[in-house]
1. How shielded is D:229-235 by partner chains, expressed as the average number of their Cβ atoms within 10 Å of its Cβ atoms?
2. Can you work out ³J(HN,Hα) from phi for every residue in the stretch C:77-88, in order, using Karplus 6.51 cos²θ - 1.76 cosθ + 1.60 and θ = phi - 60°, giving whole Hz and x for Gly and Pro?
3. Based on the mean of other beta carbon atoms within 10 Å per residue, what is the order of B:72-80, C:24-32, most packed first?
4. Using just the helices of chain D, give the 222 nm mean residue ellipticity in deg cm²/dmol: DSSP H runs with n ≥ 4 each add -39,500 (n - 2.57), and the total is spread over all residues, rounded to 500.
5. What is the ratio of the Cα radius of gyration of the stretch B:67-160 to 2.2 N^0.38 Å, where N is its residue count, to two decimals?
6. What list do you get for C:44, B:84 if you sort them by fewest beta carbons within 10 Å?
7. Give or take rounding to whole Å, what are the principal axis extents of the alpha carbon atoms in the stretch B:122-193, in descending order?
8. From the label point of residue B:56, set 7 Å along Cα to the beta carbon, how far off in nm is each other copy's matching point, shortest first?
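Just so it is clear, none of the values below were taken in a lab; they were calculated from the coordinates. A quick note: this is a predicted structure, and the numbers were derived from the prediction, not measured. Cβ coordinates were reconstructed from backbone atoms using ideal geometry, including for glycine residues, and neighbour counts include every protein chain displayed.
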There are 4 protein chains.
Amino acid sequence: MKQITVGVIGTGRIGTIHAGNLAHMPGVQLKAVADPLVVPSEWEDRGVEALLDPHALIADSDIDAVLVCSPTPTHAELTMAAAETGKHVFCEKPIDLEPKRIRQTLEVVERSGVQLQVGFNRRFDPTFARLRRAVVDGEVGDLHMVKIVARDPAPPPAEYVRDSGGMFLDMTIHDFDMVRFLSGSEVLEVHAFGAVLVDPAIGEAGDVDTAVVTMKLANGGLAVIENSRRAVFGYDQRIEVFGSRGGIEAMNEYPYQVRQRTARGERKANPLYFFLQRYQRSFVAEVETFVDSVRQGRTPPVTGRDGLIPVLIGLAATESMRSHRPVRVESP
Amino acid sequence: MKQITVGVIGTGRIGTIHAGNLAHMPGVQLKAVADPLVVPSEWEDRGVEALLDPHALIADSDIDAVLVCSPTPTHAELTMAAAETGKHVFCEKPIDLEPKRIRQTLEVVERSGVQLQVGFNRRFDPTFARLRRAVVDGEVGDLHMVKIVARDPAPPPAEYVRDSGGMFLDMTIHDFDMVRFLSGSEVLEVHAFGAVLVDPAIGEAGDVDTAVVTMKLANGGLAVIENSRRAVFGYDQRIEVFGSRGGIEAMNEYPYQVRQRTARGERKANPLYFFLQRYQRSFVAEVETFVDSVRQGRTPPVTGRDGLIPVLIGLAATESMRSHRPVRVESP
Amino acid sequence: MKQITVGVIGTGRIGTIHAGNLAHMPGVQLKAVADPLVVPSEWEDRGVEALLDPHALIADSDIDAVLVCSPTPTHAELTMAAAETGKHVFCEKPIDLEPKRIRQTLEVVERSGVQLQVGFNRRFDPTFARLRRAVVDGEVGDLHMVKIVARDPAPPPAEYVRDSGGMFLDMTIHDFDMVRFLSGSEVLEVHAFGAVLVDPAIGEAGDVDTAVVTMKLANGGLAVIENSRRAVFGYDQRIEVFGSRGGIEAMNEYPYQVRQRTARGERKANPLYFFLQRYQRSFVAEVETFVDSVRQGRTPPVTGRDGLIPVLIGLAATESMRSHRPVRVESP
Amino acid sequence: MKQITVGVIGTGRIGTIHAGNLAHMPGVQLKAVADPLVVPSEWEDRGVEALLDPHALIADSDIDAVLVCSPTPTHAELTMAAAETGKHVFCEKPIDLEPKRIRQTLEVVERSGVQLQVGFNRRFDPTFARLRRAVVDGEVGDLHMVKIVARDPAPPPAEYVRDSGGMFLDMTIHDFDMVRFLSGSEVLEVHAFGAVLVDPAIGEAGDVDTAVVTMKLANGGLAVIENSRRAVFGYDQRIEVFGSRGGIEAMNEYPYQVRQRTARGERKANPLYFFLQRYQRSFVAEVETFVDSVRQGRTPPVTGRDGLIPVLIGLAATESMRSHRPVRVESP
């Protein structure tokens, strides 16, 4: 098995998770991490170089592939810099909030001839992957409807919201990717109703915290996404795909499978609390897939184009909500 | 207990069900039915007069209350005629497809001082009634979202579709009523995407068979209804109400509660096949409630105004789909 | 359709239910009820004679069939008396607590040439009937195991327990019948462990309130019944049949199908509270079946022998618990 | 964190799993494995010594703790040898099939002053641990009943069965441990019915493949275990604990949470196929707990006595089935 040497840029929450997963993968060497706030002692014990400057990591000619897990505004620049040195790139979503800048990044990647995978990890969740297989294998028949409920357990701080690009680009973007992934079809047109029901500070920051987005798909089907920034019972991630031969539904996942019977009714635990627990396996699988793609010189299953289009859908949804009409999605 | 004497106009499917239920109710005498196609032998054995002319039934001064179960185009006229003779009226939905004609009917009823109940039976379903209680009792907290899935097991013939007023007035009208009933709020604005995915003949008849309708509510919340004219697994009637204190979900109901484990996976039976089975208890309860309202001189819980507003919402949804924009619901 | 004239002996809880169901059945006339404690006004308004003396009812030559719903000690005598006048008999379970007396009753019935159905209503429950079909149709393959959980919501008073014949003859008897019904096989041998965990007064009355009974079946399979006199969450009636091709499980039934999500976990309502609600449909179906059997001269599906054998199993279980060893079931 | 150096004896299925898990644990060095059939190249690449002779591993004074994962007949001897050199021991279940030999082993361990943990991994399963917490925290109230269903997906070969000590010592032993773990009580008396329904070769080897075992517990409660060597739908591991305040039920676990609706009914996937998948997390947790116990000098939560008692219960069950009577469990 060909050994792959990798570096991780950004040692925040998701970068640390990826680094931990890479450490357990056979045939992979995590050589360095880079982050202006890195704590060297946490890494050097494990034999990993801890750099302050991402560009120093990118300049390391031993490194075959880079995971870009730094803040969103740096994604495009670091992806381009890494590609230009011939490194394969795994870039967390979104590549950027500006389609123009994403397109520029994709051109650099294209020109450099490296692989690029975008971090839409949910495609690698075993439950959602089962739904996709049901569509591909014809179990659902002709696809009529994709329905997604995605609710966070608690809203982010309003200051986070201010720079997030808005709920549709920050949170719903995963669901837009899921509509494309499950349907195998493109989104033509979007309509969004939004509301501020969870936290007035989110409204003051110019965003909504509750929304329902409907879509027309190129294959003739429809889709609907319902989002909330707060479900008091935890992370609520349910999807239903429906078609001419029936439906298939992804339910929530739980820390244990227990049903309790009491004088006051039957009880079950709440679902896994948040995305780190719920999508734990998907984070491992997406990086394994990236490493395999690099090793075998294959195009990864989540391409740069897959990174661009959900941003275009999110911008259309934002525009729909503002202009109070359905909006066509811009061509990639 | 005061004896109530009733007549049923229309001996089709729903009229026959109501007549059968009335026959078992204590304190109720079903004196007559009327239908141009009535089969007298089916009724006279049970001591019920079988008339051809609804107006003969309306003219019978022994009869306190009339159930109008004839075809939709006759509802308004027969309701007015019965009200003018001082009879209380239970009228199947919709009163009419024309708001103007519904308003005229409501004026006649108002002037006559009789009770009028409209046949939105689903409000009397024990499962949906439980959801309403959860909202009223504050179990859901502030209401953020009402989500309805309503799918029929098989589409109606295209010729039926042609005269039905369209899916939104024929099928979704129950769901519009349910949004109002569960939320306790009015619908301000509607957006609809529709598609013809089940039967091209429905498209040729000028209607859609698949739709997703989103709504803004006066209380600030949102609602979404998803409809299909065909779910191959049977009648699919699920509702979720979600708010600041959590959610509550009405699941499908089944002929028996059995889980089968086989080499090919776990299996459950399909849900109760169609509305007659699924809503059987609600048909009994709505007519009991009507009879009680008449007996006690109380306003029934589903008023003429409740009959008008879902038609206005349905017309707004139809207009949204045609004009390709969200549409405000007309004032009742 | 041949008209059947029936009388009901015993106007306690179950007799009143059967009388109410008979009143709604086409082709059936409920002519009389008989009970030393009958309240005539409750019956005469509905055109039903109210007699104090069961033998007066038995003597009425208009009556074709009698339902014996009086206290257990009178079952055998009244069944014999009715049979001897040529009346068909539906007898509530058990026919008697003494096998000898049951055998004597069955001989009289046999000699009289009338039909006898014993009130094991649960065979007519749609959920359990589905399990039986799965066995008969080979969906379960060779039958390896029948597992029954049967728990009451609350224990009976200790004075009731004293005359009940003990839990195995009073409560488990239904489960013994269910083992035979589902397996289509006889019980060869029984072992029982019992305990007094719910109410010490039940122990003082010489009975147990918690038990687990295991059985060897003639077809080679095994069975296990678990009973409790009190489940604080309501009536708990679950059955699993398992065999070479998999299993099938009857779950509890609920007043409505609702799943609630709250900060403190998911909640469902408790099951239907007690046997009157849970087995409501089965009470209608068993009496319909009895009337049909009488009308068509067919042997009813629950025979006198089916009334005898569960008593023999119950006696073997009682003996096992007392003698502290497995006990063979006496031959019918 | 104190570094712990470990060796694994036996590189079969379970030894390899433990070795893999140890490799990922912080503060643990896996220094050597030993097995007459070891494949050195599989281990030396990872920096692990591969020995043929377990005693060579035991003689290595660098090693603090040994995992005994070799065939059952060698467990006692290797545990004693390791203890005598002052090594802490994790021993797979059962320590031996002979109580006398287990007692001798426990005496040597006691005298050597080392820690011993026995491999009842299921106690570390998050779902079963939740049940135990419900008992400990009083959510179940007084414990009345422990019910276990444990079915394997496929029977072992008859030659395996011949040396296994019989189903009760080979398979049910886990369930006996679970009864003790969940109830916090000892088993006083056991009754077993067994049958050969899955594979006649198992019967010819002198064993059964289907059984139902009932137990009286020291706390007054009852327990029942139902076993089968073959459930065609996969590994079936369900437990219910019931008491004065209600019940709590551990359900099966599934590869994904999907509900599919088709014309032929609702479908779910089958449960995780076998113990390696179902109890994966418990294998990690039990070894982590062992390492922590060694590190902190604490008695592990599954002691040598916990290894002895289930064997005594299994022997009582075997004797019950043979002698056709309930049997008291021998004192440890």
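1. Whole-number average of other-chain Cβ neighbours for D:229-235 is 5.
2. With the stated coefficients, the stretch C:77-88 comes to 4, 5, 4, 5, 4, 5, 4, 5, 8, x, 8, 6 Hz.
3. In decreasing order of mean packing, B:72-80, C:24-32 become B:72-80, C:24-32.
4. After summing the helix terms and dividing by residue count, I get -11000 deg cm²/dmol.
5. Its radius of gyration relative to the 2.2 N^0.38 Å reference: 1.39.
6. Ascending number of Cβ neighbours within 10 Å: C:44, B:84.
7. Result for the stretch B:122-193: principal-axis Cα extents of 45, 28, 15 Å.
8. Shortest to longest, the spacings are 4.6, 10.1, 10.8 nm.
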